[in-house]
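Let me begin by presenting the structure, written as structure tokens, before commenting on it.
The values are calculated or read from the model by the stated rules, or taken from the named source; none is laboratory data. Only a predicted model underlies this, so the values are computations on that prediction, with no experimental measurement involved. Neighbour counts are summed over all protein chains in view; Cβ atoms, including those assigned to glycine, are modelled from backbone coordinates with ideal geometry. Surface areas here come from the heavy atoms of the whole protein model, side chains and all, with no ligands, DNA or RNA. Shrake-Rupley method; radii C 1.70, N 1.55, O 1.52, S 1.80 Å.
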Amino acid sequence: MLGHARASVRHLAKELEGLVDSAHRDELARSQQRMRIEALGERAMAEVAIDPETLRAEYGPDQLVPVLVTDDGLPLTAEDETPEPVPYIREEQLRRLRIAERNLQVLGKVNPLALEEFDAMQERHSFLSNQLEDLRRTRQDLLEIVDEVDARVREVFAQAYEDVAREFEGVFARLFPGGEGALVLTDPGEWLSTGVEVEARPAGKKIKRLSLLSGGERSLVAVAFLVSLFKARPSPFYILDEVEAALDDTNLGRLLEIYEELRATSQLLVITHQKRTMEVADALYGVTMRGDGVSAVISQRLRDDGD
């Protein structure tokens, strides 16, 4: 009997030890569960600012889950039909969570200053757009001004060319009796890019190119063109520097006749070594060397103002 009782005591002691261990494990699990619930409550407050009671009441497993994404995990748009809420199924919601986390990783880190940076960039873009529009308007205005200037240049050049060409024919005929001279455009109609060529054919010659003329003839053609400019666009005074140096007496006499016509309306300052040119001048100015080696300017009036 005593042995049987001792065996029973040992068996009961072993069962008591098992119950105590089970109670300790249950208490530890409850403690861990409470700590987990508290951690989840703190996380809910930190991430979504909702207390556990409100979170459980509004988003608990007994609440219907609204469908906000498509089957591919993409958010619904305004054109998509909104499905009806579905019952909470943990496996289904975990699958949606994994898809959302994967999309979040693809999206990358969230920049909390993105809105401020966007506003600054939008303001910068607006400023640059306005500046660009101002530049476009300014460019258009400048192009219109260029067109107006080009049109005015064409008009003025065309008129000047016609006047000078007309005068050149007359002056050339006087300096080259029996000869023909003309101004020819290299690119007729293109007033902004055309050049002007001089054609000269003295009497008795069939050539027109200036390079085939003699030195005196080329000088006389240049004088004819210069005088044509004077007559087409008169000026209060002219300065001529030995333009008649290469002319013979006959051609010089013809040129002096033109000088007489020009000085009727303008003043001429002529630098020359030709005595005949000096004879028709109103006054002479020269430089001489005095005996002490110092240069001096001398002048001599040949005719009175009333002559």
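Which one of these does GLN140 not meet: (1) of a type outside the set (Ser, Thr, Tyr); (2) under 48 Å from the mean Cα position of the chain (by Cα); (3) more than 26 Å from LEU192 (Cβ to Cβ); (4) at pLDDT 85 or above?
(3)
I'd like the full set of residues that are open to solvent by 60 Å² or more (accessible area, probe 1.4 Å) and either closer than 16 Å to ASP241 by Cβ or outside any helix (DSSP H, G or I) (or both), limited to the range 262-277. Give the steps one after another, and end with the answer.
Just the residues of the range 262-277 that are open to solvent by 60 Å² or more (accessible area, probe 1.4 Å), to begin with: 263-265, 267, 269, 271, 273, 275-276.
ARG263, ALA264, THR265, GLN267, LEU269, ILE271, HIS273, listed by residue number.
Just a yes or no: is a residue in the range 30-53 touching a Gly at 6+ places or on another chain (Cβ under 6 Å) and touching a residue at least 12 places away in the same chain (Cβ under 8 Å)?
Within the range 30-53 (the criterion being touching a Gly at 6+ places or on another chain (Cβ under 6 Å) and touching a residue at least 12 places away in the same chain (Cβ under 8 Å)), the answer is yes, since at least one residue qualifies.
Across the range 126-175, what is the total count of residues that are of a type in the set (Val, Ile, Thr) and within 30 Å of TYR259 (Cα to Cα)?
Residues flagged as of a type in the set (Val, Ile, Thr) and within 30 Å of TYR259 (Cα to Cα) within the range 126-175 amount to 3.
Looking for something open to solvent by less than 60 Å² (accessible area, probe 1.4 Å) and outside any helix (DSSP H, G or I) - is there at least one such residue anywhere in the range 35-50?
Kept after step one, since they are open to solvent by less than 60 Å² (accessible area, probe 1.4 Å), are these residues of the range 35-50: 39, 41, 44, 50.
Checking the rest, the ones that are also outside any helix (DSSP H, G or I) come to 50.
Yes, because at least one residue in the range 35-50 is open to solvent by less than 60 Å² (accessible area, probe 1.4 Å) and outside any helix (DSSP H, G or I).
Considering only residues that are assigned to a loop (DSSP other than H, G, I, E, B) and open to solvent by less than 100 Å² (accessible area, probe 1.4 Å), which ones fall in the range 94-138?
Going through the range 94-138, the residues assigned to a loop (DSSP other than H, G, I, E, B) turn out to be 108-113.
Hits for the range 94-138 are GLY108, ASN111, LEU113.
How about the range 226-258: which of its residues are hydrophobic (A, V, I, L, M, F, W, C), in contact with a strand residue (DSSP E or B) (Cβ under 9 Å, 6 or more places away or on another chain) and open to solvent by 20 Å² or more (accessible area, probe 1.4 Å)?
Within the range 226-258, LEU226, PHE230, PHE237, ILE239, VAL243 qualify.
For the range 179-234, give me each residue that is of a type in the set (Ser, Thr, Tyr) and either closer than 10 Å to PHE168 by Cα or outside any helix (DSSP H, G or I) (or both).
THR186, SER193, THR194, SER214, SER228 - these are the residues of the range 179-234 that are of a type in the set (Ser, Thr, Tyr) and either closer than 10 Å to PHE168 by Cα or outside any helix (DSSP H, G or I) (or both).
Looking at the range 201-215, is at least one residue touching a helix residue (DSSP H, G or I) at 6+ places or on another chain (Cβ under 9 Å) and surrounded by 18 or more Cβ atoms within 10 Å (Cβ to Cβ)? Can you show your working first?
Applying the first criterion (touching a helix residue (DSSP H, G or I) at 6+ places or on another chain (Cβ under 9 Å)) to the range 201-215 yields 202, 205, 210-211, 213.
Cutting the leftovers down to surrounded by 18 or more Cβ atoms within 10 Å (Cβ to Cβ) gives us 202, 213.
Yes, there is a match, as at least one residue in the range 201-215 is touching a helix residue (DSSP H, G or I) at 6+ places or on another chain (Cβ under 9 Å) and surrounded by 18 or more Cβ atoms within 10 Å (Cβ to Cβ).
Quick check on GLY291: is it of a type outside the set (Asp, Glu) and either surrounded by 13 or more Cβ atoms within 10 Å (Cβ to Cβ) or in a loop (DSSP other than H, G, I, E, B) (or both)?
For GLY291, the condition - of a type outside the set (Asp, Glu) and either surrounded by 13 or more Cβ atoms within 10 Å (Cβ to Cβ) or in a loop (DSSP other than H, G, I, E, B) (or both) - is met.
Condition first: touching a helix residue (DSSP H, G or I) at 6+ places or on another chain (Cβ under 8 Å), of a type in the set (A, V, I, L, M, F, W, C) and under 17 Å from VAL227 (Cα atoms). Now tell me which residues in the range 267-288 satisfy that.
LEU268, VAL270
Looking at LEU262, LEU247, which is the one that is of a type in the set (A, V, I, L, M, F, W, C) and under 20 Å from GLU217 (Cα atoms)?
Answer to the selection: LEU247.
Name the single residue, out of those in the range 180-199 being among the small types (Gly, Ala, Ser) and at pLDDT 85 or above, that is nearest to LEU247 (Cα to Cα).
GLY181
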